[in-house]
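Reviewing the structure listed below.
The values are calculated or read from the model by the stated rules, or taken from the named source; none is laboratory data. Just so it is clear, the model here is predicted, and its values are computed rather than measured. Because the Cβ atoms are built from the backbone with ideal geometry, glycine has one as well, and the counts that use them run over all protein chains shown.
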Amino acid sequence: MNDYTGIEQTSQKLSHSDGSPMRALVVDDEESLADLVGMSLRYEGWDVKTAHSVAEAMSHAKTFVPDIAVLDIMLPDGDGLSLMKSLRGVHAGLPVLFLTAKDAVDDRVAGLTAGGDDYVTKPFSLEELVARLRGILRRVGAGVTDDEHAELRVGDLVLNEDSYEVTRAGVPIDLTSTEFELLRYLMRNPKRVLSKANILDRVWDYDFGGKASIVEIYISYLRKKSTPSGRL
């Protein structure tokens, strides 16, 4: 289902300067969610450890040196804010992205005030989460890519992963957040046949549970917005 066969990828691979993979510690008491996030990051080529409690996360921290941590705010034996401080006591300056309930505004504010680098609200798309992590690591200089810019290109179509801007022949294209995530996923997976299930899993909220027809609808939106002829 992917027509993006001529894409020049300029931000597909994020790694250390020596070529070794980025390392992430993912902590969430929902085992299925932690495993899903871990699987998505491994797909990106990262080394990942998952944990479901503060105790398990700190056990991993003794032998695993993460470049970034993904922490749920609420954990069965503590909270993400305290865990962040404990992890940074072992790994100074560790970047942290918090996972928080959609209506827990106070949690988000507290997390950033306490020194978190970013947050996403549940439910979230895996593509957005991966992009946020990549953005944090680029900002702190922990990862390198094949060039200096977080851009994907196909012909005169350009998508910037940092600024969330999309242009065609220099003309801005106004996309919704879902349209942007869909376009990014397609552009980051050239020469791959992507099923509707693949796309739903990565672009829509992990608990979306919707109909696969939504994929065709959004691809038609992209075609209409990206070119007068309606063809990407």
Of the residues in the stretch 61-102 that are of a type in the set (Val, Ile, Thr) and in a loop (DSSP other than H, G, I, E, B), the one that is farthest from the chain's Cα centre (by Cα) is 63
So, first residue outside the structural domain of residue 131 (by TED's automatic domain parsing) in the stretch 159-170, second residue of a type in the set (Val, Ile, Thr) and at pLDDT below 85, Cβ within less than 8 Å, six or more apart or across chains; the pairs are 168/227
In the set 174, 201, the lone residue that is within 22 Å of residue 33 (Cβ to Cβ) and either modelled with pLDDT under 80 or assigned to a loop (DSSP other than H, G, I, E, B) (or both) is 201
Flagged pairs (Cβ under 7 angstrom, 6 or more apart or on separate chains; first in the stretch 171-191, under 16 Å from residue 44 (Cα atoms); second of a type in the set (Val, Ile, Thr) and crowded, with 18+ Cβ neighbours inside 10 Å) are 181/203; 185/199; 185/203; 187/7; 187/154; 190/7
Condition set crowded, with 22+ Cβ neighbours inside 10 Å and within 14 Å of residue 45 (Cβ to Cβ), scope the stretch 12-28, selection modelled with the highest pLDDT: answer is 24
Being among the aliphatic types (A, V, I, L, M), surrounded by fewer than 20 Cβ atoms within 10 Å (Cβ to Cβ) and either in contact with a Pro (Cβ under 7 Å, 6 or more places away or on another chain) or at negative phi (or both) narrows 51, 61, 69, 55 down to just 55
In the stretch 136-157, anything at pLDDT 85 or above and in a helix (DSSP H, G or I) is listed as 136, 137
Residues of the stretch 204-232 being more than 16 Å from residue 153 (Cβ to Cβ), modelled with pLDDT under 80, surrounded by 12 or more Cβ atoms within 10 Å (Cβ to Cβ) and not acidic (Asp, Glu), in sequence order, are 206, 208
Apart from one, (1) more than 23 Å from residue 112 (Cβ to Cβ); (2) touching a Lys or Arg at 6+ places or on another chain (Cβ under 7 Å) all hold for residue 59; the odd one out is (2)
